[in-house]
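Remarks on the structure that follows.
The values are calculated or read from the model by the stated rules, or taken from the named source; none is laboratory data. Since this is a predicted model, take the numbers as computed values, not measurements. Neighbour counts are summed over all protein chains in view; Cβ atoms, including those assigned to glycine, are modelled from backbone coordinates with ideal geometry. Side chains are part of the model used for accessible areas, which takes the heavy atoms of the whole protein and leaves out ligands, DNA and RNA. Shrake-Rupley method; radii C 1.70, N 1.55, O 1.52, S 1.80 Å.
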Amino acid sequence: MEKNIPSVGFQGEIGAYSEKAINLYFSKANSKPYKTFSDLFVALENEQIDLAILPIENSIEGSVNESYELLLKSKVSVVGEINVKIEHCLISHHGVNKEDIDVIYSHTQALGQCKSYLKKMGCDAVTTYDTAGSVKMIKEKEMKKAAAIASKDASKLYDMNIIEENIQDHEDNFTRFFCLSNIPTKSTGNDKTSIVFSAGDVAGALYKALKEFADGGINLTKLESRLTRKKAWEYNFYLDFEGHIDDENCKKAIEELVNLGSTVKILGSYPKSNNKL
């Protein structure tokens, strides 16, 4: 391994969109694939890799639930973000026509991003653990009546045929990825912060919580509620805002949240993505 080149883990097979995010985010990196998101987190927590790239939300299908659940439990920090344009292809063996396809494999997010296309195809859609992994599977198992939804890069990597390009339901299709580390970042002056908090079981709790950010002149960029799965109809709130957790106004807003009875977890502060949508 070359000196000073970070080892960066991702979920999926070589050729996955997560690996594309690594290639876009880092000038140089040694990519390492992991079968599951849990495996990826374990590797980072045990310092088997320096960093990890994690898909967090898609502009069509919304949040990646498992990613948020693992972030909530883990001690790793979000230290960066990147937005990746997603352009799906229908991929199969050379010599196979569209009419020959009986079943299509891909990751659940990719299948969700191509719902209209799949409906028109009228064949079975089967969820797998990865987009590129689906291409690899149908190649290795010589599944001539099957296709996969994945990237153009995956088709080239596994020497498979693209039947049709840009099959996602919406052209404006992006996935936002987090970069994760065991070491938190320092302020750059152009940062964002992601937190999880509970609003507390009192009247107007959420309003009071958000008011602390408004009073501090802090711009909120995302707010999402998610069931805690611990108690019926109990929610956690996932919040992104502009600023670093070390900034005085951000510190004060968090302190006031705690004073209101909220439980707060800082997922991380990180430089804003410089690749605009």
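Considering only region 137-153, I want to know if a residue exists there that is on the phi > 0 side of the Ramachandran plot and touching a residue at least 40 places away in the same chain (Cβ under 8 Å).
The answer is yes, given that some residue of region 137-153 is on the phi > 0 side of the Ramachandran plot and touching a residue at least 40 places away in the same chain (Cβ under 8 Å).
I need the full set of residues from region 193-235 which are in contact with a strand residue (DSSP E or B) (Cβ under 9 Å, 6 or more places away or on another chain), buried (at least 17 other Cβ atoms within 10 Å of the Cβ) and touching a residue at least 40 places away in the same chain (Cβ under 8 Å), in order please.
Thr193, Ser194, Ile195, Val196, Phe197, Ser198, Ala199, Ala209, Phe213
How many residues are within 16 Å of Met160 (Cα to Cα), open to solvent by 20 Å² or more (accessible area, probe 1.4 Å), not charged (D, E, K, R) and not in a strand (DSSP E or B) when one looks only at region 97-135?
The number of residues fulfilling the criteria is 1.
For the structure I just gave you, tell me whether Asn190 is on the phi > 0 side of the Ramachandran plot, open to solvent by 60 Å² or more (accessible area, probe 1.4 Å) and of a type outside the set (Gly, Ala, Ser).
Working: on the phi > 0 side of the Ramachandran plot: no; open to solvent by 60 Å² or more (accessible area, probe 1.4 Å): yes; of a type outside the set (Gly, Ala, Ser): yes.
No.
Residue check: is Gly15 open to solvent by less than 70 Å² (accessible area, probe 1.4 Å), within 27 Å of Met143 (Cβ to Cβ), part of a loop (DSSP other than H, G, I, E, B) and touching a residue at least 40 places away in the same chain (Cβ under 8 Å)?
Yes; evaluated as a whole, the condition is true for this residue.
When you go through Thr221, Thr193 one by one, which is the residue that is under 21 Å from Ser74 (Cα atoms) and part of a strand (DSSP E or B)?
Checking each option against the conditions leaves just Thr193.
Restricting attention to region 171-187, and to residues there that are in a loop (DSSP other than H, G, I, E, B) and in contact with a helix residue (DSSP H, G or I) (Cβ under 8 Å, 6 or more places away or on another chain), which single residue is most open to solvent (accessible area, probe 1.4 Å)?
Asn182
Yes/no per residue for (1) touching a Cys at 6+ places or on another chain (Cβ under 6 Å); (2) open to solvent by less than 70 Å² (accessible area, probe 1.4 Å); (3) not acidic (Asp, Glu):
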residue	(1), (2), (3)
Asn23	no, no, yes
Thr36	no, yes, yes
Phe41	no, yes, yes
Glu45	no, no, no
Ile49	no, yes, yes
Ser63	no, yes, yes
